[in-house]
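Reading through the structure tokens given below for one structure.
The values are calculated or read from the model by the stated rules, or taken from the named source; none is laboratory data. Everything numeric in this text was worked out from a predicted model, so none of it was measured. Cβ placement follows ideal geometry from the backbone for every residue including glycine, while neighbour counts extend to all protein chains displayed. Side chains included, ligands, DNA and RNA excluded: accessible areas come from the protein's heavy atoms. Shrake-Rupley method; radii C 1.70, N 1.55, O 1.52, S 1.80 Å.
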Amino acid sequence: MRALTTSCVLLGLFAAPAVSQVPAPLTDMVRRVFATNEFGARQRFGPVQWTEGGAAYLTIEPSKETPGGLDIVRYQTASGTRNVLVAAADLRPSGQPAPLAIEDYTVSADGRQVLIFANSERVWRQNTRGDYWLLDRTTRTLKKLGGPYAPPSSLMYAKLAPTGDRVGYVRQGEIYVERLADGVITKLTSGADSLHVNGMTDWVYEEEFSLRDAFRWSPDGAWIAYWHFDMTGVGTFKLINDTDSLYPIVTPIQYPKVGSANSAVTVGVVSTGGGRTTWIDVPDDPRLNYIPRMEWAGPTTVVIQRMNRLQNTNKVVFAEAQTGRATVALTERDDAWVDVVDDLTWLAQGKEFLWPSERDGWRHLYRVSRDGATMTLVTTGGYDVVRVESVDEAQGLVYFIASPDNATQRYLYRARLDGKGAAERVSPVTQPGTHRYDVSPDSRWAFHTYSTANTPPTTDLVSLPRHASIRTMIDDTLRRAAIQAVLPKPPVEFFKVDVGAGVVLDGWMIKPQDFDSTRQYPMMMYVYGEPAGQ
């Protein structure tokens, strides 16, 4: 039986006094936690982007030469040798006093072009609309994308073509491609309005499937596959904002209530030179089914996950980009529900893919032939594969996060891709707790972050497969000392509760500093849970 996990926090701070009666020590602790950085991170690292297959990594650091600016810095992984890849001085637009404030960036495969995201605005939960700039590192020229008619902060999801010569982006629900050599802009889609959009998603897909960026370049840069959303017939929910102006602001959004109409979602493929869209013949009613994932499976084929509204069936569909003809290769079903798969990894030069499935009661990995005819079990045992971290096909290994013996912990494991033998733990046995990894594309390196309920995280660079520590990236001794000084005695406690029917729940609690077992205390419960949630 799968272990279920919940958590609770026991706080014996005061017995429900009025606000004016809150003890001074508690008021002071709240101030120290929320109004100061006493217990926050003093050292920071990343986020990083692996480059050159893992031989180097990139990160953003404050510029030493341009006060207030940010440099993109390259580090050689093995040695730690540092050099500035993009100086903040090169990111100052003409006529502007300050360089761009980098919010995200992408470097082309040849290292010449750097795409910069800045001046963003929030769309629903995240800042996904903004300005995109392109820096040519050879000529040191900086150009704003979108053309002269694009308003500020109006571009979304800009991506360099695999060939590095064009950029695709979404503006006002339409997809455009801009050629870098001469700035020619080609509009690939049409018909967008308040109820129809291309290359972006509606509220349901963003909130429930974490899908926002809704177009994909083909591997050769010749085609773009994209989602189209038709929101006609979806009920309108009116959001009322009473705080940002003297009078209320009403924002209508298309929001399907339970049992009401969903958006009709389809997938189209269009040439990056423009022209007619080929619509993929995805099976089943587009309003009663979802397309939560789609990607290219070669230069002329897209692979789609087709999930029904009950979310207990997920079909893997392969479709020919130029004809729209689709074939179901694999179907996942469960009496309760199935998860959307993010860990689809191609093997054997595209002839097979690695697929996580709970068909035997646990979330394990399978090698599946492209046509779905054969499935080979890669991982076995009474535990879930939480997440795939890396596939080292040259060595025949897959690295993944799991915790076979304790559902409250996380460790790195590896298994043979041929399914032979048991999985092997890679994380040190001397460090019980939670281990997180950012593994390089070549599976030779990883940034390893370790923490427990009572100790703040430390991060080091390790080499794989031996998990040998190369150098420490973060060991925040000041933060560690501040936290240790106020930890209750005993610190966080873990326990198990048998709720019957073979189900055991894991829990944890924090008792007051001066806990007295003869007294009664109020209890605060934290119960937001999910499948495989810790």
TODO: Please report, as a whole percent, how much of the solvent-accessible surface of the chain comes from carbon and sulfur atoms (probe radius 1.4 Å).
DONE: 52
Open item on the list: What does the extension gain come out to for K187 and T430, with contour length at 0.36 nm per residue minus their alpha carbon separation?
Closed with: 81.8 nm
Task: Per-selection Rg to Rh, segment 293-441 - Cα, Kirkwood hydrodynamic radius - done: 0.99
Task: Relative frequency of Cα-Cα separations exceeding 23 Å in segment 382-516, percent - done: 45
Open item on the list: Only four residue types carry charge here, +1 at the Cβ of Lys and Arg and -1 at the Cβ of Asp and Glu. Report the dipole size of the chain about the Cα centre in Debye, rounded to the nearest 20.
Closed with: 640
Open item on the list: Over segment 199-275, with the other protein chains present, what is the accessible area per residue in square angstrom, probe 1.4 angstrom?
Closed with: 46
Open item on the list: If each residue of separation counts as 0.36 nm, what is the full-extension length gain between L239 and A468 once their alpha-carbon separation is subtracted?
Closed with: 77.2 nm
Open item on the list: Given Cα positions, please report Rg to Rh for segment 217-293, the hydrodynamic radius being the Kirkwood one.
Closed with: 1.15
Task: Long-range tail of P(r) for the chain (Cα pairs > 45 Å, %) - done: 22
Open item on the list: Using Stokes-Einstein with the Kirkwood hydrodynamic radius over Cα pairs, what translational diffusion coefficient do you get for segment 13-167 at 10 °C and a viscosity of 1.306 mPa s, in µm²/s rounded to a whole number?
Closed with: 86
- [ ] Rank-order 487-498, 171-182 by packing density, defined as the average count of other C-beta atoms within 10 Å over each peptide's residues, highest first.
- [x] 171-182, 487-498
- [ ] Using a cut-off of under 17 Å, list every residue of segment 152-170 whose amide N is near the label point 7 Å from the Cα of T139 along the Cα-to-beta-carbon line.
- [x] 164-167
TODO: Work out, in µm²/s and without decimals, the Stokes-Einstein translational diffusion coefficient of segment 471-513 at 25 °C, 0.890 mPa s, Rh from Kirkwood over C-alpha pairs.
DONE: 185
Task: Distant alpha-carbon pairs in segment 185-253 (separation over 15 angstrom), percent - done: 67
- [ ] Quick one: plug the Kirkwood hydrodynamic radius of segment 81-196 (C-alpha pairs) into Stokes-Einstein at 10 °C, 1.306 mPa s, and report D in µm²/s.
- [x] 106
Open item on the list: Need one number: nm distance between label points at A373 and D418, each 7 Å from Cα along Cα→Cβ, rounded to one decimal.
Closed with: 2.2
Open item on the list: With N set to the number of residues, divide the alpha-carbon radius of gyration of segment 187-316 by 2.2 N^0.38 Å and report two decimals.
Closed with: 1.18
Open item on the list: Defining a contact as two alpha carbons under 8 Å apart and six or more residues distant in sequence, what relative contact order in percent does segment 157-243 show?
Closed with: 22
- [ ] Using a 10 Å cut-off on Cβ atoms, rank the peptides 267-277, 119-129 from the highest mean neighbour count down.
- [x] 267-277, 119-129
